[in-house]
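Visitor: Handing you this structure, nothing more for now.
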Amino acid sequence: MRIVDVCGFYTPEGGGIRTYVEQKLRVAEKLGQDITLLAPGAADRTVEISGSARIVTLASPHFPLDRKYFSFADQAAVHAALDRLQPDLIEASSPWNSANYVAAYPQPVPRALVMHSEPLSAHVYRWFEGIAQPASVDRVFDWFWERLRRYGRSFDAVIAANSSLAQRLSDGGVANVVTMPMGVEPGLFSPALRSESLRERLLGLCQLGPEATLLVSAGRLATEKRVPMLVEAATIAGAHRPIGLVIFGEGRAHRKIMRAIAGNPHIRLLRPVRDRKQFAAILASADALLHGCEAETFGMIAAEAHASGLPLIAPNLGGASDFVRHNPALGFTPTNMADIVRAILQLPDGGLRAAASPPPRNMEEHFRDLFRLYSGLVPQKSAAAA
């Protein structure tokens, strides 16, 4: 099956979407698929990844809010590229220009929209916090919901990686919604990597002894990740018992987070750990993951923590909520400071290992299920066209 992923937010310097796409390209040949990533870029270019996978970029303008990214601006060029590539199925990866261009493609090719981003939760609800509830905001932004409903009519599948987002889409009148959980990198994350000496070193950075509770947080330091809120909650909880929080990340919110830490010796902000094996050991050696974002479409760090046997203190909405349900008392109402503090203090001294939870799903399993779904769409559409 020839799949073309029209991915408007891919860049080699990107984050979660880049990780997801590159994993898909790596396993394409093993799973018997031919995949082309069609993305905006600085110039027209083709990079062969393997005999079954490649990245094709179309010369496009910079994305105005982040110059690491480019933005599709020429529907005719995208359609011409699709004519050349002759896909059996087309993916779109964001609810913006790429989805519009794929929806408007005139050939009778099956198409799927993968919801890698959900702008209402990530941005709009946050802008109106304290002013209006999400239901009221939805009424103001019904034009966006109508866009999503139009995609539900234009695409054969609208794929959500978590049950919370899938339910919201269905409740909003979007058709053809499919829940397709992602997974973690296989063979990397495990509770067996737990190291008491590493745990003690991390607590030592927080000027605490091994009797304290070690929380970790990790990811891009963006506003929607709500890391200053987590810092405040950990500070309040730390007045009741010894708690250390080590944050791994970099991004635009760095200064705001440092102001929130305000010299608290028990909270440390460190650069990301790029060595994946070392990071897996850090996760396995903590007592819990502290996570604040309710707007993620999947929550890769939540999945990695779960695979490491780590309980999650996280919102009961969004991508992390599918993992919080294994220890529901540790879930909290998004943005509710008192409830976050309550959830932190709910964690027993010495942690609460999640070894009894179901085994983690890995990304190869995700892609097998995804391609199985796609293969079911292709013959149906082919028969209809004939």
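Visitor: To the nearest 500 deg cm²/dmol, what mean residue ellipticity at 222 nm is calculated for the chain from DSSP H runs of n ≥ 4 alone, each contributing -39,500 (n - 2.57), summed and divided by the residues?
Guide: Dividing the helical sum by the residues of the chain leaves -11000 deg cm²/dmol.
Visitor: Say a site is exposed when it is one of the GluC sites (Glu not before Pro), sits in a DSSP loop, and has at most 13 other Cβ atoms within 10 Å; what is then the longest site-free stretch of the chain?
Guide: After excluding every exposed loop site, the longest remaining stretch is 251-386.
Visitor: Further question: Could you give the dipole magnitude of the chain about its Cα centre, charging the beta-carbon of Lys and Arg +1 and that of Asp and Glu -1, in debye to the nearest 20?
Guide: Charge dipole of the chain: 440 debye, to the nearest 20.
Visitor: Turning to a different aspect of this structure: Once both labels are modelled 7 Å past Cα along the beta-carbon direction, what's the His240-Gln207 spacing in nm?
Guide: It works out to 2.3 nm between the two label points.
Visitor: Follow-up question, since we're still on this one. Quick one: if the Förster radius is 41 Å, what FRET efficiency do Ser50 and Ala338 give, using the C-beta to C-beta distance and rounding to 0.05?
Guide: About 0.20, to the nearest 0.05.
Visitor: Could you give the size of the charge dipole of segment 191-346 about its Cα centre, using +1 on the Cβ of each K and R and -1 on the Cβ of each D and E, expressed in debye and rounded to the nearest 20?
Guide: It works out to roughly 460 debye.
Visitor: Kindly state, to the nearest 0.05, the FRET efficiency for Lys256 paired with Glu200, given R0 = 35 Å and r defined as their beta-carbon distance.
Guide: 0.70
Visitor: Among [x] 55; [y] 46; [z] 51, which is the computed percent of Cα pairs over 27 Å apart?
Guide: So the structure-derived entry is [z].
Visitor: Further question: Could you work out how much longer the chain between Ala329 and Gln167 gets when fully extended? Use 0.36 nm per residue separation minus the Cα distance between them, nm to one decimal.
Guide: This chain segment gains 56.1 nm when fully extended.
Visitor: Highest GNM mean-square fluctuation, the chain, Cα pairs closer than 10 Å: which of His254, His306, His240?
Guide: His240
Visitor: How high is the relative contact order of the chain, given as a whole-number percent (alpha carbon pairs under 8 Å, six or more residues apart)?
Guide: Answer for the chain is 14 percent.
Visitor: Further, regarding this structure: Taking 51 Å as R0, compute the FRET efficiency from the Cβ-Cβ separation of Ala59 and Val178 and round it to 0.05.
Guide: Given R0 = 51 Å and the Cβ-Cβ separation, E is 0.95.
Visitor: Ok, one more. Between segment 1-71 and segment 232-273, how far is it from one alpha carbon centroid to the other, in angstrom?
Guide: 35 Å
Visitor: Continuing with the same structure: Under the definition of Cα pairs under 8 Å and six or more residues apart, what whole-number percent is the relative contact order of segment 57-112?
Guide: 28 percent.
Visitor: Among the lysines, which have Cα under 21 Å from the Cα of Lys225 when same-chain residues fewer than 8 positions away are ignored?
Guide: Lys68, Lys256
Visitor: Ok, one more. Using 0.36 nm per residue of separation minus the Cα-Cα distance, give me the extension gain between Asp66 and Arg271 in nm, one decimal.
Guide: Extending this stretch completely gives an extra 71.7 nm.
Visitor: Got a sec? Charge dipole of the chain, +1 on Cβ for Lys and Arg, -1 for Asp and Glu; which of Pro315, Ile35, Trp127 is way out at the positive end?
Guide: Trp127
Visitor: If the cut-off is 19 Å between C-alpha atoms, which aspartates and glutamates fall inside it for Lys277, apart from same-chain ones fewer than 8 positions away?
Guide: Reachable aspartates and glutamates: Glu22, Glu185, Glu196, Glu200, Asp287, Glu304, Glu364.
Visitor: In percent, how large is the relative contact order of segment 191-346, given Cα pairs closer than 8 Å and 6 or more residues apart?
Guide: Details: 312 pairs, mean separation 38.2, N = 156.
Relative CO of segment 191-346 lands at 25 percent.
Visitor: Same structure, new question: What is the extension gain from Trp143 to Ala42, computed as 0.36 nm multiplied by their sequence separation minus the C-alpha to C-alpha distance, in nm to one decimal?
Guide: Value of the extension gain: 33.2 nm.
Bear in mind these aren't lab numbers, they're just calculated from the coordinates by the rules spelled out. Keep in mind the model is a prediction, meaning the values are calculated, not measured. Quick reminder, even Gly has a Cβ in these numbers, built from the backbone with ideal geometry, and neighbours come from all protein chains shown.
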